[in-house]
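> The structure's right below; bear with me while I get my questions together.
The values are calculated or read from the model by the stated rules, or taken from the named source; none is laboratory data. Because the structure is a prediction, the values reported are computed rather than measured. Every residue, glycine as well, gets a Cβ built from its backbone with ideal geometry; the counts of neighbours run over all protein chains shown. Accessible surface is based on the protein model in full, side chains and every heavy atom, while ligands, DNA and RNA are left aside. Shrake-Rupley method; radii C 1.70, N 1.55, O 1.52, S 1.80 Å.
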Amino acid sequence: MNFNNINFDTYLKNYPDANGYFGKYGGAYIAPELKAAMDEITTAYFTICKSSKFISELRRIRREFQGRPTPVSYLERLSGSLGNVQLYVKREDLNHTGAHKLNHCMGEALLAKYMGKKKVIAETGAGQHGVALATAAAYFGLECDIYMGAVDIKKQAPNVARMKILGANVIEVTDGLATLKEAVDAAFTAYSKEYKDCIYCIGSVVGPHPFPMMVRDFQSVVGIEAREQFMEMTGELPDAVVACVGGGSNAAGMFAGFLNDPVDIYGVEPLGRGPKLGDHAASLQYGTEGVMHGFNSIMLKDENGEPAPVYSVASGLDYPSSGPEHAFLHELGRVKYDVVDDEETINAFFTLSRMEGIIPAIESSHAVAYAMKLAKKMGKGSILINLSGRGDKDMDYIIENYGIR
């Protein structure tokens, strides 16, 4: 399949390029003192990703510890309520710790062990990345510092408790809006002082090279499994694949399995309260090219050209940019990026819970909401949704703010 002369048969091998660029997006815009640290990580990753010992160890961990492969489930009742389109979900909520995040955290922690590091550092928004990295650190015997915005700490109390129980040091960030962007800022600052003894395990397909590539590669297991499972279940490919996009790790992993197939692919961003700047986090829909957190992508900017304040009901999606690969796929037209708002998302949260017995994360509910709209528009065919996480972490917040519908 070709889009603007891109051969998707070899896409994953050719993108990013040697300097970490997906077209004009990506790269490593970092302080000189961090360049050596990034080069060290890049060299180590390219060494171990071709090592049969590393690959077999990661496969064993996925099988025996994470519970992979996660299944694909057919949503019979929800499908029937929407018409003739058949909906399926890739059940990353059944991955150990309840979301897709452990897929790259175990890989990053294994890389840290290979490099002789003693500590892992990360940011988290919804807390799932923090829980996953705390889990990986406990598994490998590493120290773990997690930076989290004060607003998200309050919204995601169950995940904060889980991180602490797992032995992580949760560091509250009170700067600015005290959400995900500020947590990333604080984690980068800490890493710049400690990089000789630790590794920064970025929680999405963002940041300087090699992180967007590494996280995508570790997450591609989701798309590879889902494609094989869907073919086995139905004998054909889905007509459409849908995933939510903040930074975009779950979507990048899911999309990787289908980029070279005749399948429509949709990334769903959070429209939040509406299109006014500050009321949403839909960077690909409303943003412009810019550099933040060490990479060039599409970002939401304020009047001074700085990262704008953003909002989403989902703590894991309230980030003012998206991964550089998503910006590239958006520019190519290979993936269509669209939005759903808070109200549609919360309705989807309750609908999936009541009709299928699956309580989704609020992040994943964005993808479910969009798939429900898409099903009515398509009229026939099939849609595969990446259910990136479970909603246990969100229940207190949902009940407090929306009640029981």
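> Could you please give the count of residues in segment 260-283 that are within 17 Å of the chain's Cα centre (by Cα) and open to solvent by less than 10 Å² (accessible area, probe 1.4 Å)?
So the answer is 8.
> If we scan segment 3-17, do we find a residue that is part of a strand (DSSP E or B) and among the hydroxyl-bearing types (Ser, Thr, Tyr)?
No, every residue in segment 3-17 fails to be part of a strand (DSSP E or B) and among the hydroxyl-bearing types (Ser, Thr, Tyr).
> Do we find a residue being under 20 Å from the mean Cα position of the chain (by Cα), at pLDDT below 95 and either outside any strand (DSSP E or B) or surrounded by 24 or more Cβ atoms within 10 Å (Cβ to Cβ) (or both) anywhere in segment 369-389?
no
So that you can scan it fast, the table gives a plain yes or no per residue for (1) touching a Lys or Arg at 6+ places or on another chain (Cβ under 8 Å); (2) small (Gly, Ala, Ser); (3) modelled with pLDDT under 95:
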position: Thr135; (1), (2), (3): no, no, no
position: Asp145; (1), (2), (3): yes, no, no
position: Met148; (1), (2), (3): no, no, no
position: Asp152; (1), (2), (3): no, no, yes
position: Ala157; (1), (2), (3): no, yes, yes
position: Gly167; (1), (2), (3): no, yes, no
position: Val170; (1), (2), (3): yes, no, no
position: Val173; (1), (2), (3): no, no, no
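> Restricting attention to segment 40-70, which residues are part of a helix (DSSP H, G or I), of a type in the set (D, E, K, R) and loosely packed, with under 13 Cβ neighbours inside 10 Å?
Once the filter is applied, which keeps residues that are part of a helix (DSSP H, G or I), of a type in the set (D, E, K, R) and loosely packed, with under 13 Cβ neighbours inside 10 Å, segment 40-70 yields Lys53, Arg59, Arg60, Arg63, Glu64.
> Return the residues of segment 290-326 that are among the small types (Gly, Ala, Ser), open to solvent by less than 10 Å² (accessible area, probe 1.4 Å) and within 30 Å of Asp396 (Cα to Cα); say none if nothing qualifies.
Selection gives Ala308, Ser312, Ala314, Ser315, Ser321, Ser322, Gly323.
> As an exercise: evaluate Ile146 against (1) buried (at least 23 other Cβ atoms within 10 Å of the Cβ); (2) assigned to a helix (DSSP H, G or I) and give the number of the one condition it does not meet.
Unmet condition: (2).
> Report, by residue number, each residue of segment 114-141 that is open to solvent by less than 20 Å² (accessible area, probe 1.4 Å) and more than 20 Å from Thr189 (Cα to Cα).
Once the filter is applied, which keeps residues that are open to solvent by less than 20 Å² (accessible area, probe 1.4 Å) and more than 20 Å from Thr189 (Cα to Cα), segment 114-141 yields Ala126, Gln128, Val131, Ala132, Thr135, Ala136, Ala137.
> Report yes if some residue within segment 186-206 is open to solvent by less than 10 Å² (accessible area, probe 1.4 Å) and within 14 Å of Phe295 (Cα to Cα); otherwise report no.
Scanning segment 186-206, I find at least one residue that is open to solvent by less than 10 Å² (accessible area, probe 1.4 Å) and within 14 Å of Phe295 (Cα to Cα), so the answer is yes.
> Here's a follow-up. Return yes when Glu363 is open to solvent by 40 Å² or more (accessible area, probe 1.4 Å), modelled with pLDDT of 95 or more and of a type in the set (Asp, Glu) and no when it is not.
When the stated conditions are applied, Glu363 does not pass them.
> Return the total of residues in segment 23-77 being aromatic (Phe, Trp, Tyr) and over 30 Å from Met292 (Cα atoms).
3
> Report yes if some residue within segment 71-78 is open to solvent by less than 70 Å² (accessible area, probe 1.4 Å) and assigned to a strand (DSSP E or B); otherwise report no.
Scanning segment 71-78 turns up at least one residue that is open to solvent by less than 70 Å² (accessible area, probe 1.4 Å) and assigned to a strand (DSSP E or B).
> Next question, about the same structure. Quick one: count up the residues across segment 233-256 that are surrounded by 24 or more Cβ atoms within 10 Å (Cβ to Cβ) and under 17 Å from Phe3 (Cα atoms).
Adding up the residues that qualify gives 1.
> Any residue in segment 185-203 that's closer than 20 Å to Lys101 by Cα and in contact (Cβ under 8 Å) with a residue 24 or more places away in the chain: show its pairings with residues that are small (Gly, Ala, Ser) and surrounded by 14 or more Cβ atoms within 10 Å (Cβ to Cβ) at Cβ separation under 6 Å, as long as the two are six or more apart or on different chains.
Ile199/Ala112; Cys201/Ala122; Gly203/Ala122
> Checking the conditions here, which among Leu87, Leu82, Leu110, Leu94 is open to solvent by less than 10 Å² (accessible area, probe 1.4 Å) and not polar (S, T, N, Q)?
Leu87
> While we're here: Identify all residues within segment 273-291 that are touching a helix residue (DSSP H, G or I) at 6+ places or on another chain (Cβ under 8 Å) and closer than 12 Å to Pro320 by Cβ; write none if there are none.
Leu277, His280, Ala281, Leu284
> Could you list, in sequence order, the residues of segment 152-161 that are in contact (Cβ under 8 Å) with a residue 40 or more places away in the chain and surrounded by fewer than 23 Cβ atoms within 10 Å (Cβ to Cβ)?
Ala157, Pro158
> What is the one condition in (1) modelled with pLDDT of 95 or more; (2) over 19 Å from Ala367 (Cβ atoms) that Gly323 does not satisfy?
(2)
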